[in-house]
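S.K.: Below: one structure in structure tokens.
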Amino acid sequence: MVEFLEGLAEALSPYVRALAWWHAVPQPPPSKLKGAPKAPPNRQSRMAARLAAGGEPDLPELDPSLAPVVAYLFDAGPTSAAGQHGSALSWADLQAWQAAAGIYLPPWQLRLLRSLSGEYLSESFIAEAWDAPPPWERDADRRR
């Protein structure tokens, strides 16, 4: 069962991390001129900017049989409001979501959602940098 759960998390992680990168609102780049007025920050997510420009976000291929797991993640969160940046979904968050949605998942699926929530949150922090490369480029660099 552990290998199965790890395999699902491994299959879904690139897609969830890519969504987090696209959903991020990057911080403005640092000004190189001392005393120069700061440009107003662009408060659009990367995805909103891409769609506004008439493009589509680049996303890894997702096996259609796994799409419901991603839908559950985003219906439940994908993260919990806590502090400045939030936190991964807690057991209480998932319990409340299940009760409100009338969906009752087995414990292994809840563990998978918690794991994916952590992946999304982690990538969200990284993706706030104005020059953060997309996770698929970082993953390709690691494989070399």
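The values are calculated or read from the model by the stated rules, or taken from the named source; none is laboratory data. Note that the coordinates shown come from a computational prediction; the quantities given were computed from them, not determined experimentally. Backbone-built Cβ (ideal geometry, glycine too); neighbour counts: all protein chains shown.
S.K.: Please determine, by comparing only the residues of segment 6-32 that are among the small types (Gly, Ala, Ser) and part of a loop (DSSP other than H, G, I, E, B), which one is surrounded by the most Cβ atoms within 10 Å (Cβ to Cβ).
M.R.: Per the stated criteria, the residue is Ala24.
S.K.: Okay, next question. Could you list all residues from segment 56-86 that are within 19 Å of Trp22 (Cα to Cα), of a type in the set (Gly, Ala, Ser) and at pLDDT below 95?
M.R.: Gly77, Ser80, Gly86
S.K.: Follow-up. In segment 40-89, which residues are in contact (Cβ under 8 Å) with a residue 12 or more places away in the chain, assigned to a loop (DSSP other than H, G, I, E, B) and either surrounded by 13 or more Cβ atoms within 10 Å (Cβ to Cβ) or hydrophobic (A, V, I, L, M, F, W, C) (or both)?
M.R.: Passing the criteria: Asn42, Gln44, Ser45, Pro57, Leu59, Pro60, Leu62, Gly77, Pro78, Gly86, Leu89.
S.K.: Continuing with the same structure: Tally up the residues in segment 90-114 that are under 20 Å from Leu5 (Cα atoms) and either touching an Asp or Glu at 6+ places or on another chain (Cβ under 7 Å) or not in a helix (DSSP H, G or I) (or both), please.
M.R.: 5
S.K.: Identify the single condition in (1) at pLDDT 95 or above; (2) within 21 Å of Asp139 (Cβ to Cβ); (3) surrounded by fewer than 12 Cβ atoms within 10 Å (Cβ to Cβ) that Tyr104 does not satisfy, given that it satisfies every other one.
M.R.: The number of the failed condition is (2).
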